[in-house]
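J.: One structure coming up, written as structure tokens, with questions to follow.
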Amino acid sequence: MKNDKPFLTDVRQLRTRARASIKKGAVTPDYEGDVKQAIEILQSVLATEIVCVLRYTMNAVAATGISSDSVKKEFDEHAKEEQDHMRRVAERINQLGGSPNFNPEGLATRAASQYVEGSNLIEMIKENLVAERIACEHYRELIRFFAEKDPTTRVMMESILVNEEEHANDMHDLLVAHEGKPMLPKS
Ligand SMILES: [Fe+2]
Ligand SMILES: [Fe+2]
């Protein structure tokens, strides 16, 4: 699947979705309401992480071409780390009394980032960079949202964000190495 402007479209969508959820919190300041809302937000993070696991795993298997071995290794490493994020978010949903939603039905619409495969090595790297940048922006917003209301979730999201920023940086380095020039979408 090819998308001409995945970055802009996704950021707009995720902002709308994140803002809508955050607004709900202001009108239901009771504890019960917050927990329900935290679970709802984390379900979307879980879906985002599952999509990341799928995309990197697919890329690691499908990557071909000159010097694809080192790129495959990087994709594999990221797939494992995304799986760890997925597991931690699912555990947190469970701790909060929710049931982590692993249902493949509707997965893509629950996730903040799209599943875009990329038809060659460079496109795969670009799509991953786009997805990582979306995750970073989304998670930064969520960290500000959880703030002091739920420090445990916030700290978890902060540690995942550190990892996502490394992922974005890795993809950017690969792109520079393979294409000879940086590709950073203007934001
Ligand atoms: Fe992740
Ligand atoms: Fe990532």
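The values are calculated or read from the model by the stated rules, or taken from the named source; none is laboratory data. Predicted model, so just to flag it, every value in this text is computed and none were measured. Methodologically, a virtual Cβ is constructed for each residue, glycine included, from the backbone with ideal geometry; neighbour enumeration extends over all protein chains shown. Only protein heavy atoms, including side chains, enter the accessible area calculation; ligands, DNA and RNA are left aside. Shrake-Rupley method; radii C 1.70, N 1.55, O 1.52, S 1.80 Å.
J.: Considering only the other residues whose Cβ falls under 12 Å of the Cβ of VAL61, what net charge follows from Lys and Arg at +1 and Asp and Glu at -1?
T.: 0
J.: Just to make sure I understand: if all protein chains stay in place, what is the order of ARG87, ARG133, ARG140 by accessible area at 1.4 Å, largest first?
T.: Sorted descending by solvent-accessible area, the residues read ARG87, ARG140, ARG133.
J.: Starting from 0.36 nm per residue, how many nanometres of slack lie between LYS73 and GLU105 once their C-alpha separation is accounted for?
T.: My answer for the length gained is 8.6 nm.
J.: Along the Cα→Cβ direction, 7 angstrom out, place labels at ALA177 and GLU123. What is the inter-label distance in nm?
T.: Between ALA177 and GLU123, the label points sit 2.2 nm apart.
J.: Hey, another quick one. What is the spin-label model distance, in nm, from GLU166 to ALA147 if the labels are put 7 Å beyond Cα along the C-beta direction?
T.: 3.0 nm
J.: Restricting to lysines 8 or more places apart or on different chains, can you count the pairs in the range 49-187 with Cα atoms under 26 Å from each other?
T.: So the count works out to 8.
J.: Sticking with this structure for a sec: Could you give the nm distance between label points at VAL35 and SER159, where each point is 7 Å from its Cα heading toward the beta carbon?
T.: 2.3 nm
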